[in-house]
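Trainee: Pasting a structure below so you can have a look.
The values are calculated or read from the model by the stated rules, or taken from the named source; none is laboratory data. As the structure is a computational prediction, the values presented were derived from the model and not from experiment. Every residue, glycine among them, receives a Cβ derived from its backbone with ideal geometry; neighbour counts consider all protein chains shown. Calculation scope for accessible area: heavy atoms of the full protein, side chains included, ligands and nucleic acids excluded. Shrake-Rupley method; radii C 1.70, N 1.55, O 1.52, S 1.80 Å.
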Amino acid sequence: QRQMCIRDRNDHGSALHIATHLSNLIKVSDRVTVRHGAGLALLEIAPRLTVDQRNEVSVELCRGLELGQQEFTKYIPDYLGRFALWLPPEQLDECLADLGVTLSASSSRIVAPVLDTVGVIYEEYDVYHQRFPEEAEETCLRRRDRLLGMLMRGLAGIDGETRQEAMLVLGQRVFGSAQLSNGEKSRAFPLTARKLLTTCRQEDGDALSFYYRASMLGRLYRFLTAQRLRGGFTFEAPRPIAFFPGTFDPFTLSHKGIVHAIRDLGFEVYLAVDEFSWSKKAQPHLIRRQIVNLSVAGDFHVHLFPDDIPVNIANPADLKRLRKLFPGQEVYLV
């Protein structure tokens, strides 16, 4: 089949039929060697496909991720992630939007291969600017942040399997990757450091999550040690603090829009979820807090305020303590 691809690669019609057949083999073949052979052949003919044909094949592979059967879907991410980087910017953003929707599925069997796919795209993304040099560097950086944010969303998943997969991808594809540049790792670490620290303080009930977390932290520690020997990290100047308290019952798109607007003004936003409301019967505090956490997990410079530090904004002593928590930074109330 790979010889057929090479022989017919100048015929766009035949190339599309072959690419579709290869994508089906990646999804449903009983033999692992056939899956890998089909994936390599698909990547080989990708440059010969038109934009519409590439988009059609990527959509089919994205649908394959929704099968929910790990024995079939686990082979798709490696080839879908690399194939997606042949899509022009507009189509790539559409692909990422589709993956983002699938990332919100309730089944970890569907979410796990999506996280793997995002990890592959993030790790291989350096080649994209070479294929589409007309795209501005700032746009490429925003897309990198979007990919990294999608991985962080998995880290705040509602079940242990999703969080485990996110930790695995962050360890292998980001901080432990031999292919990703040290410059990109050094840029990613300051963005994710606080969220990673928060995750490490979460206690999952099963022992398997402990080992996943230990593996991720081991790779992260090796990267931090190597980077310190190279000269350390460059952190941006501390941002002013925006303290945003509320019941958030529920946390709406309007709340999220306010958070984004404040963050884009240059603030570090902390969301404090009130334990109860005098004016209405709110949902349980921990449920509301989990909803907020899931909603902002992929947004950088946005954090949940610690639950063990109660702050009553009507109490001057609490406000004084809040200011002392951020020495050298201005604190604003939202």
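Trainee: State to the nearest 20 debye the size of the charge dipole of the chain about its Cα centre, where the only charges are +1 on K and R beta carbons and -1 on D and E beta carbons.
Mentor: In debye, rounded to 20, the chain gives about 840.
Trainee: Same structure, new question: Using helices alone, I'd like the mean residue ellipticity at 222 nm for the chain: each DSSP H run of four-plus residues gives -39500 (n - 2.57), total over residue count, nearest 500.
Mentor: Rounded to the nearest 500, it is -19500 deg cm²/dmol.
Trainee: What are the residues whose amide H is under 5 Å from the amide H of Ala242, where those residues sit 5 or more places off or on another chain and H is modelled from the backbone?
Mentor: Glu268, Val269, Tyr270, Tyr332
Trainee: Further, regarding this structure: Toward the positive end of the charge dipole of the chain, about the Cα centre and with charges on Cβ (Lys, Arg +1; Asp, Glu -1), which of Leu99, Ile313, Ala261 goes farthest?
Mentor: Ile313
Trainee: Need one number: convex hull volume per residue for the chain, Cα atoms only, in Å³.
Mentor: It is 157 Å³ per residue.
Trainee: Using a 1.4 Å probe on the protein chains only, how many percent of the accessible area of region 96-215 belongs to carbon and sulfur?
Mentor: Its accessible area is 52 percent carbon and sulfur atoms.
Trainee: When ligands, DNA and RNA are left out and all protein chains stay put, how many square angstrom of accessible area per residue does the chain have with a 1.4 Å probe?
Mentor: Dividing the accessible area of the chain by its residue count gives 52 Å².
Trainee: A further question on this structure: What stretch of the chain, leaving out the sites themselves, is the longest with no GluC sites (Glu not before Pro) in a DSSP loop having at most 12 other Cβ atoms within 10 Å?
Mentor: 1-133
Trainee: Continuing with this model, one more query. Convert each backbone phi in region 276-292 into a coupling constant with the Karplus relation 6.51 cos²θ - 1.76 cosθ + 1.60 (shift: θ = phi - 60°), then list the ³J(HN,Hα) values in order as whole Hz, x for Gly and Pro.
Mentor: Each residue of region 276-292 in turn: 7, 10, 6, 8, 8, 8, 8, 5, x, 4, 5, 5, 4, 5, 5, 4, 4 Hz.
Trainee: Output the 0 to 90 degree angle, nearest 10, between the alpha-carbon long axis of helix 89-102 and the longest principal axis computed from the alpha carbons of the chain.
Mentor: 60 degrees
Trainee: Still on this structure, I have one more. Give me the distance between the Cα centres of region 243-302 and region 221-241, rounded to whole Å.
Mentor: Region 243-302 and region 221-241 have Cα centres separated by 28 Å.
Trainee: Full extension from Ser104 to Lys256: what is 0.36 nm times the residue separation minus their Cα-Cα distance, to one decimal in nm?
Mentor: 53.1 nm
Trainee: Please turn the phi angles of region 267-274 into ³J(HN,Hα) values with the Karplus equation 6.51 cos²θ - 1.76 cosθ + 1.60 (θ = phi - 60°), one per residue in order, whole Hz, x for glycine and proline.
Mentor: Ordered by residue, 3J(HN,Hα) equals 9, 9, 9, 10, 9, 10, 8, 5 Hz.
Trainee: Where does region 175-287 land on Rg/Rh, using Cα atoms and the Kirkwood Rh?
Mentor: My calculation of the ratio gives 1.06.
Trainee: Note down the accessible area of Asp299, probe 1.4 Å, to the nearest 10 Å².
Mentor: Here the residue's solvent-accessible area equals roughly 20 Å².
Trainee: Residue by residue, what Karplus-based ³J(HN,Hα) values in Hz, rounded to whole numbers, does region 36-41 have, using 6.51, -1.76 and 1.60 with θ = phi - 60° and x for Gly and Pro?
Mentor: The phi angles translate into 5, x, 5, x, 5, 5 Hz.
Trainee: For Asp274, which sequence-distant residues (separation of 5 or more, or a different chain) have an amide H within less than 5 Å of its own amide H, given hydrogens modelled in the peptide plane?
Mentor: For Asp274, whose amide H was placed from the backbone, the distant partners under 5 Å are Gly246, Thr247.
Trainee: Between Arg321 and His285, what is the spin-label point distance in nm, taking each point 7 Å from the Cα along the Cα→C-beta axis?
Mentor: 1.3 nm
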